[in-house]
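Please read the structure below before turning to the comments.
The values are calculated or read from the model by the stated rules, or taken from the named source; none is laboratory data. Keep in mind that this is a model prediction, so the values were computed, not measured. With ideal geometry, Cβ positions are generated from the backbone for all residues, glycine too; neighbour counts draw on all protein chains shown.
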Amino acid sequence: MPVTKTGADTGEPTGWSDKSKDDPQVLELKAHLETNNGIKGLQILGCNDVDEAVRLFKRDGFVVIGDVLNSEQIDFLASGCDDVINEVAALDPDNRGNRGSHRYSFGGSSLTRSQLHRPAWQMLLDVPVVSKILTPIFGSTDYILRAASGDFCLPGAVDYQPLHSDVNDWFEGGKTPFSSFFDWRGQVSLRDLPAPYICANFLPQDVTRLNGATRQIPGTQNSRAKIPNLKEEPEWMKLSTVCPAPAGAVMLRDVRAWHGGTPNLSDATRAIPNLEFYAPWFREPLVPGISYQDYKKLSAHAQQLVRFSVMDSSEELVTGTTLRAP
């Protein structure tokens with residue numbers, strides 16, 4: 001099932017608000033990406049390649065495993081993404097996005113900062129290969145869910161998102177970022193530690209050279225170098241994208257590694273819903289994302305993962321779609 005945003009009247013994919021798909025610059029970029037985009041020698045591992053997955057993750061800061069979802073699960077996840085995408089699209093007819101033009105965060109589009117209340121994301125909690133790989137990476141089964149989120153980009157997202165890292169060291173004199181770390185001695189950086197926070201992005205559609213593959217810079221999870229801005233970024237980094245990758249795969253990412261969005265020059269929306277996990281030794285206050293009633297319906301394994309994200313049984317979980325999560 002394709003993941004797409006469609007017009008309410010025509011049923012046709014929408015997007016392309018900034019430039020026409022026939023714009024000469026768009027056509028030139030499209031030809032360039034068709035020829036050159038994608039990490040050379042990208043490995044798509046099998047579900048039984050656990051040791052190799054752990055090795056590549058620790059080396060590169062990410063790894064891709066194929067066939068973790070069957071066809072029914074792919075369709076269910078794609079349908080769940082479509083529900084959110086169309087709700088968000090109704091609030092943003094001009095495709096301005098909340099992560100740049102034509103770009104959106106699933107979590108940033110929810111009043112709970114998460115999509116954990118939706119069955120499609122709950123299903124992902126029990127994908128076996130994820131726990132098989134996360135356990136040796138974290139060295140324990142006692143890791144927890146931070147959120148159920150991800151992102152999507154509409155066709156016509158013609159710009160690159162700047163490279164960034166999702167976590168930082170704590171700093172004074174400003175807004176402390178989420179998931180920050182502070183060593184009062186000034187000796188240890190967040191990047192010197194084992195992976196504190198891992199994201200599992202699931203693919204409900206093929207990720208191609210043209211539909212907005214994630215660009216991922218291998219080995220940067222431990223780098224203290226300044227992340228280059230778009231003007232400074234070399235061309236090889238812009239082409240360092242995790243593609244092609246098939247629907248049903250999962251990409252596990254150390255969120256410290258440099259990454260960013262790329263142009264979606266296709267005719268369909270590209271979605272990468274995720275689950276985000278904290279290491280057993282890493283914690284911060286979490287926003288409840290699932291009602292107690294729904295929590296009780298989960299498997300024992302899923303309940304263990306979300307135990308810090310469940311709303312108290314005496315309170316109602318208020319859900320809804322927004323362009324700016326509170």
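If you take the residues of region 34-50 that are part of a helix (DSSP H, G or I) and touching a residue at least 40 places away in the same chain (Cβ under 8 Å), which of them is nearest to the chain's Cα centre (by Cα)? Looking at residues that are part of a helix (DSSP H, G or I) and touching a residue at least 40 places away in the same chain (Cβ under 8 Å), I get V50. Residues in region 21-42 that are surrounded by 12 or more Cβ atoms within 10 Å (Cβ to Cβ) and over 15 Å from A213 (Cβ atoms): K21, D23, V26, L27. Are there any pairs with C-beta distances below 8 angstrom linking a residue in region 150-165 that is at pLDDT below 95 to a residue that is charged (D, E, K, R), with the two at least 6 apart or on different chains, and if so which? Going by the 8 Å Cβ cut-off, the qualifying pairs are S165/R256. For E12, the conditions (1) over 17 Å from V127 (Cα atoms); (2) acidic (D, E); (3) modelled with pLDDT of 95 or more; (4) exposed (fewer than 14 other Cβ atoms within 10 Å of the Cβ) are fulfilled apart from (3).
Of R253, R224, all but one fail to be at pLDDT below 95 and either within 16 Å of the chain's Cα centre (by Cα) or not hydrophobic (A, V, I, L, M, F, W, C) (or both); the exception is R224. Does Y104 meet the test of being surrounded by 14 or more Cβ atoms within 10 Å (Cβ to Cβ), closer than 16 Å to C81 by Cα, among the hydroxyl-bearing types (S, T, Y) and out of contact with any Lys or Arg (no Cβ under 9 Å at 6 or more places or on another chain)? In short, yes. Under the condition of being assigned to a loop (DSSP other than H, G, I, E, B) and in contact with a Gly (Cβ under 8 Å, 6 or more places away or on another chain), which residue from region 218-241 is nearest to R191 (Cα to Cα)? Taking the candidates together, the pick is G219. The sole residue among R59, R55, R99 that is modelled with pLDDT under 95 and surrounded by fewer than 17 Cβ atoms within 10 Å (Cβ to Cβ) is R99. Applying the criterion of being part of a strand (DSSP E or B) and aromatic (F, W, Y) to the residues of region 256-313, the residue that is farthest from the chain's Cα centre (by Cα) is Y278. Scanning region 62-75 for residues that are crowded, with 16+ Cβ neighbours inside 10 Å and either at pLDDT below 95 or more than 19 Å from K238 (Cβ to Cβ) (or both) gives V63, V64, I65, G66, V68, L69, Q73, I74.
Just the residues that are surrounded by fewer than 21 Cβ atoms within 10 Å (Cβ to Cβ) and closer than 15 Å to H259 by Cβ, please, taken from region 189-219. Hits for region 189-219 are R191, P218, G219. The set of residues from region 220-247 being of a type in the set (G, A, S) and crowded, with 19+ Cβ neighbours inside 10 Å comprises S240, A245, A247.
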